[in-house]
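The values are calculated or read from the model by the stated rules, or taken from the named source; none is laboratory data. Given the structure is predicted, the values throughout are model-derived calculations rather than measurements. In this analysis, Cβ positions are derived from the backbone assuming ideal geometry, glycine residues included, and neighbour counts consider all displayed protein chains. Surface accessibility is based on the protein's heavy atoms, side chains included, excluding ligands, DNA and RNA. Shrake-Rupley method; radii C 1.70, N 1.55, O 1.52, S 1.80 Å.
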Amino acid sequence: MSLEAGDRQGKPGALPASAAAGSGANAQWGGRFAGGPSAIMQEINASIGFDRALWRQDIRASLAHAAMLARTGIIEAADEQAIRAGLEQIAGEIEAGRFEFDAALEDIHMNIEARLSERIGEAGLRLHTARSRNDQVATDFRLWVRDAIDGLDAQAAALMLSLSRRALQHAADPMPGFTHLQTAQPVTFGHHLLAYVEMLARDRGRLADTGRRLNQCPLGSAALAGTSFPIDRRMTASALGFDRPCGNSLDAVSDRDFALEYLSSLAIMAMHLSRLAEEIVTWCSSPFGFIRLSDAFTTGSSIMPQKRNPDAAELIRAKTGRITGALVGLLTVMKGLPLAYAKDMQEDKEPVFQATGSASLSLAAMDGMVRDLVAETGRMNALAGSGYATATDLADWLVRVLKLPFRTAHHVTGRLVGRAEARGVDLAGLSLAEMQAEEPGITGDVFSVLTVAASVASRTSEGGTAPGNVRRAAQGWIAQLSGDAQPGDGA
């Protein structure tokens, strides 16, 4: 997904001079207020610095609303035509960077409406019939999040495709498998990478679930109680691609759990990316030396000329804090609000915009690193059997061949590991006589299971690390994902 700085990340712009002056009543509610707000009030109240990111969604929803007003006879067809033409012209102005945003008008909704009225006159003043900024912003925000989900889903699919292709390439290349960051059993590098494909698949599922739940249209709920005009909410919902209108007007304007669920999904995905980033940092380090990254995704040191730092991975790891913080921040904003709308909810958009930008950048950087990395398969294979990694294979052999109870086999194997450790050899370095001293039934056949290759080949259970399993799983993901990722991604 392409994230424009102003649209997606919601970076605030400088306040125009009109906002700092604090002079004059706001034209939108000047009938009630004779005086203007202070400069500080304008600054804290204005959201145009970040909610301008909603301009596409605001114009889209306004077009649907105007069409419905005309269809139901609430406004004249000529007014709707003028509104449509005016909004299309405003979209062109914003797209071209010619639109002058005014903080005195507070938000994107008022900025567009004021410009529309300036362009087409009285017809523009009719657009706000039967709606409120409360249902307007709730609709725009749902549309924005829905669009963002589509973009992030495509990026996640592209990363999964890159991981799956790497997994197929390294389906039979052993590496140490860890628990507690201690050598446990050999696995293949491809199997390890496919674990993250599974995680990202669930992340995509959570985003899709969020998209399904949020796909109800608040438009027509007005400020909080609905409207007395004979509107057709199903018409606007359908025009905007929603499944149906929201069922309760109070809930429609005050609900932000769709944004919270979205941030929760992003936080979990960011956590998964952070785990992979941490592994990349570890694998790049000299003691491990499992992978290499090129200059494209590393930086140097200002004092140590030999350094090649995996900064892209480290920054992905750090951005998890931003995304998790956005979720916690919005939960805190919402947790004490009575129904319906309160101005606190203006604080809902910046964390969502910023978390989306961070998630998108993290996905892009991770995809780049996965495609860039070079696996040091020799180094991985050399360490795959370290730390007595085939001990479980020995215990399994005792159970399978000698019919020992597993717990007994576990103890026998533990004693053999102790012997090997005392001698400074691996399990295959023990003699048959030494093994028979612990369990007389052991035969020379036991050595056939003590190699790394035999260990990974034996893990044929569904979901296991056997190279054949990994190849089939990787090929299955590649076939599935080739239609989901954006064209050219994951190559």
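Here is how the numbers come out for the structure above:
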quantity: Under Karplus coefficients 6.51, -1.76 and 1.60, residue-wise ³J(HN,Hα) of the stretch 358-368 in Hz, glycine/proline x; calculated: 5, 5, 5, 5, 5, 4, 5, 5, 5, 4, x
quantity: Proximal aspartates and glutamates to residue 403, defined as alpha-carbon separation beneath 18 angstrom and excluding residues fewer than eight positions away on the same chain; calculated: 393, 438, 439, 445
quantity: Probe 1.4 Å, all protein chains present, accessible-area order of 178, 406, 258, largest first; calculated: 406, 178, 258
quantity: Gain upon complete extension [residue 460, residue 415; 0.36 nm per residue less C-alpha separation]; calculated: 13.5 nm
quantity: Read-out volume of the Cα convex hull per residue in Å³, derived from the coordinates shown; its label in (1) 159; (2) 230; (3) 195; calculated: (3)
quantity: The chain - accessible surface per residue (Å², probe 1.4 Å); calculated: 44 Å²
quantity: Loop-located trypsin sites (Lys or Arg not before Pro) in the stretch 305-373 whose Cβ has at most 10 other Cβ within 10 Å (DSSP); calculated: 335
quantity: Solvent-accessible surface ranking, highest first, for 284, 217 at 1.4 angstrom; calculated: 284, 217
quantity: For residue 188, distant residues with modelled amide H under 5 Å away; calculated: 175
quantity: Mean separation of Cα contacts under 8 Å (6+ apart) over length of the stretch 388-458, as relative contact order %; calculated: 37 percent
quantity: Sites matching GluC sites (Glu not before Pro) across the stretch 37-130 that sit in DSSP coil, with at most 12 neighbouring C-beta atoms within 10 Å; calculated: 100
quantity: Sequence-distant residues sharing a close amide H with residue 217 (under 5 Å, placed H); calculated: 244, 246
quantity: Total charge dipole magnitude, the stretch 318-458, about the Cα centre, Cβ charges on Lys, Arg, Asp, Glu only, Debye to nearest 20; calculated: 280 debye
quantity: Loop-resident sites, the stretch 62-163, for trypsin sites (Lys or Arg not before Pro), counting at most 12 other Cβ within 10 Å (DSSP); calculated: 98
quantity: Residue 196 accessible area, 1.4 Å probe, all protein chains in place, Å² to nearest 10; calculated: 10 Å²
